[in-house]
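Student: Before I ask anything, here is the structure I am working with.
The values are calculated or read from the model by the stated rules, or taken from the named source; none is laboratory data. Computed from a predicted model, the values in this text were never measured in an experiment. Every residue, glycine among them, receives a Cβ derived from its backbone with ideal geometry; neighbour counts consider all protein chains shown.
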Amino acid sequence: MQNGLDDSLLFPSRLLEELDWSQCSAQFKPAISATAPGDNLILRPLQASDYDTGFLQILGQLTSVGDVSREMFQSRFDSMKACKDTYYILVLEDICTSQVIGAASLIVEQKFIHSAAMRGRVEDVVVSKDYRGKQLGKLLVQTLTLLAKHVGCYKVTLECSDDNIKFYNNFGYEKSAENYMVARFKD
Ligand SMILES: CC(C)(COP(=O)(O)OP(=O)(O)OC[C@H]1O[C@@H](n2cnc3c(N)ncnc32)[C@H](O)[C@@H]1OP(=O)(O)O)[C@@H](O)C(=O)NCCC(=O)NCCS
């Protein structure tokens, strides 16, 4: 426990060690991987103590985060963790500063169709401005894509702007013929 927050991980870190990196479709030069992300960096599951390591501030580089108190953060972390095998939030930490410098989420949806299959969604991919262009966005998305396959998803999807289509092509994602529809209730 640190600052009253549970230090446990959102999902088992052994899953990252089990990934078959030979199936990686993106090119990494120099080579990096989930277990060897580069000097002074670690790639790991989110933990509740990340309230104090800049995780929310990193998400703030993606979209509006709003005011999330320590209690709100812990409560959301606990409810995500209770939904076993569903939420896989990855963070990249710079161990020199103990700060989160990148994050990305995989959400696994259980279905009845396709013989009770599971479908993955990649969301909230962000790398801190100071760390962009170092293959870290690629590392986050490649890791979650392999993880989706590893945990048994029959497909994995994501939504992105036109600007990011080329980035996601690196990992085998193609623009779908289907439209993305949204009914928004709040900004
Ligand atoms: C998109 C983002 C995660 C990329 O992170 P990054 O660490 O800078 O990316 P990488 O260094 O891993 O880049 C990987 C490759 O994608 C390319 N790339 C990165 N962003 C790109 C973009 N928006 N469009 C096209 N190519 C892009 C890089 O040139 C690089 O190509 P290379 O492998 O041929 O050299 C980062 O720019 C970011 O956080 N942006 C703001 C949030 C955002 O837009 N998230 C995506 C939401 S869908």
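Student: Does V182 qualify as being surrounded by 18 or more Cβ atoms within 10 Å (Cβ to Cβ), within 16 Å of the ligand (Cβ to nearest atom) and outside any helix (DSSP H, G or I)?
Tutor: no
Student: A further question follows. Which condition breaks for G102 when tested against (1) over 14 Å from the mean Cα position of the chain (by Cα); (2) of a type outside the set (S, T, Y); (3) within 23 Å of R132 (Cβ to Cβ)?
Tutor: (1)
Student: Same structure again: With respect to A103, is the statement that it is closer than 25 Å to F55 by Cβ, within 11 Å of the ligand (Cβ to nearest atom) and in contact with a strand residue (DSSP E or B) (Cβ under 7 Å, 6 or more places away or on another chain) true? It would help to see each step written out before you state the result.
Tutor: On the way: closer than 25 Å to F55 by Cβ: yes; within 11 Å of the ligand (Cβ to nearest atom): yes; in contact with a strand residue (DSSP E or B) (Cβ under 7 Å, 6 or more places away or on another chain): yes.
Considered against the rule, which asks whether it is closer than 25 Å to F55 by Cβ, within 11 Å of the ligand (Cβ to nearest atom) and in contact with a strand residue (DSSP E or B) (Cβ under 7 Å, 6 or more places away or on another chain), A103 comes out as yes.
Student: Also, quick follow-up: Applying the selection to segment 108-140, what residues are within 16 Å of the ligand (Cβ to nearest atom), charged (D, E, K, R) and over 21 Å from Q57 (Cβ atoms)?
Tutor: Once the filter is applied, which keeps residues that are within 16 Å of the ligand (Cβ to nearest atom), charged (D, E, K, R) and over 21 Å from Q57 (Cβ atoms), segment 108-140 yields R121, K138.
Student: Let me ask something else. If you scan segment 25-41, which residues turn out to be under 24 Å from M80 (Cβ atoms) and either in contact with a Pro (Cβ under 8 Å, 6 or more places away or on another chain) or surrounded by fewer than 16 Cβ atoms within 10 Å (Cβ to Cβ) (or both)?
Tutor: T35
Student: Identify, by number, the condition in (1) at pLDDT below 95; (2) within 20 Å of G137 (Cβ to Cβ) that N3 doesn't meet.
Tutor: (2)
Student: Give segment 107-159 a look and list any residue that's touching a residue at least 24 places away in the same chain (Cβ under 8 Å), among the charged types (D, E, K, R) and under 17 Å from F11 (Cβ atoms), or say none.
Tutor: R121, E123, D124, K149
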